[in-house]
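First up is the structure itself, then whatever we jot down about it.
The values are calculated or read from the model by the stated rules, or taken from the named source; none is laboratory data. Since this is a predicted model, take the numbers as computed values, not measurements. Note that each Cβ is placed from the backbone with ideal geometry, even for glycine, and that neighbours are counted across all protein chains shown. Keep in mind that these areas ignore ligands, DNA and RNA; they rest on the heavy atoms of the full protein, side chains included. Shrake-Rupley method; radii C 1.70, N 1.55, O 1.52, S 1.80 Å.
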Amino acid sequence: MPRKTLKNEIRLEGIGVHTGAKASVIIGPSGPGQGIVFLSEGVRIPASLDFVSSSDRRTDLSAQGRTVMTTEHILSALLGMGVDDATISVYGPEIPFFDGSALAIAEAIAETGLTDGPGEPEVVAISEEVVLRVGETEFRVYPADSLEIACRIKYDHPFIPEQEARFKMDPETYLREIAPARTYIFYEEAEEILSRGLGKGGSLDCVLVIKKDGYMNEPRFPDEPVRHKIADMIGDLALLGARLRMGLEAERPGHGTNHALARFIREKGG
């Protein structure tokens with residue numbers, strides 16, 4: 001099984017959901033074994049757990065005084081579509097948010113296609129079932145022949161008190177079932193998010209908003225929120241720099257707990 005990189009460059013632009021600033025990216029092929037690397041004003045920032053600088057409603061990566069904000073969707077698309085090596089040149093403080101999902105990036109990867117490189121991809125597998133609890137979040141990790149993900153979300157909310165979804169992941173499934181799922185918030189959260197200087201680029205065009213009696217905008221799936229949680233999990237676990245061969249069950253995951261899970265897998269996996 002060879003390593004995979006992009007056949008051609010992908011150029012995309014938009015605005016950042018938290019900064020509201022214009023942003024663009026060029027996702028390009030790279031040499032085998034490099035993994036996924038961001039470039040921001042000449043600073044090289046590897047997509048690695050060791051460079052995580054924020055887990056507050058997003059995953060930021062930093063090095064040498066430079067930060068790339070909101071990396072989870074682009075990393076999710078790259079891992080979900082089977083890309084091992086890529087260089088992402090970032091112009092602006094944040095990755096463009098597009099429609100709030102990983103779809104634009106995943107579709108662009110599918111359109112340009114992948115090419116084989118020398119060497120084999122890094123693979124992280126689990127040899128025995130283990131459970132990790134982080135606050136209210138619980139993960140179960142177990143041996144599997146490929147990446148299987150199940151997620152359950154629970155809220156004290158009249159419209160979606162609970163959702164659950166399960167998928168056996170491959171690029172086709174990712175593109176069809178996971179990539180289109182958008183970021184969501186509860187209507188009551190919006191003011192608090194804005195008060196912290198976040199969400200300046202958010203709107204009904206890129207965020208699924210949930211009120212007590214239903215969705216404010218049309219969902220793409222009846223269970224779109226839990227699917228988006230799976231998309232975020234894949235993006236955060238991409239910081240392991242490897243393909244994943246294991247089963248994962250998650251209850252109430254978030255970016256911070258996903259990073260804790262990734263560190264746990266890094267210690268336990270092989």
### Message
If a residue must be assigned to a loop (DSSP other than H, G, I, E, B), open to solvent by 10 Å² or more (accessible area, probe 1.4 Å) and either among the aliphatic types (A, V, I, L, M) or touching a Pro at 6+ places or on another chain (Cβ under 8 Å) (or both), how many such residues does the stretch 84-120 contain?
### Response
4
### Single residue of the stretch 1-33 satisfying the filter (crowded, with 17+ Cβ neighbours inside 10 Å and polar (S, T, N, Q)) that is modelled with the highest pLDDT
THR5
### Query
Going by the structure shown, is SER62 farther than 23 Å from ALA181 by Cα and either in contact with a helix residue (DSSP H, G or I) (Cβ under 6 Å, 6 or more places away or on another chain) or at pLDDT 95 or above (or both)?
yes
### Query
Is it true that SER53 is within 25 Å of LYS200 (Cα to Cα), touching a residue at least 60 places away in the same chain (Cβ under 8 Å) and surrounded by fewer than 17 Cβ atoms within 10 Å (Cβ to Cβ)?
no
### Message
For the condition among the β-branched types (Val, Ile, Thr), open to solvent by 20 Å² or more (accessible area, probe 1.4 Å) and within 19 Å of the chain's Cα centre (by Cα), what is the one hit in VAL124, VAL141?
### Response
VAL124
### Task
Would you confirm whether any residue within the stretch 237-250 is modelled with pLDDT of 95 or more, buried (at least 22 other Cβ atoms within 10 Å of the Cβ) and of a type in the set (Asp, Glu)?
no
### Task
Considering every residue within the stretch 198-205, establish whether at least one is surrounded by 17 or more Cβ atoms within 10 Å (Cβ to Cβ) and either over 17 Å from THR70 (Cβ atoms) or of a type in the set (Asp, Glu) (or both).
no
### Task
May I ask you to list the residues in the stretch 127-138 that are surrounded by 15 or more Cβ atoms within 10 Å (Cβ to Cβ) and either among the polar types (S, T, N, Q) or on the phi > 0 side of the Ramachandran plot (or both)?
THR137
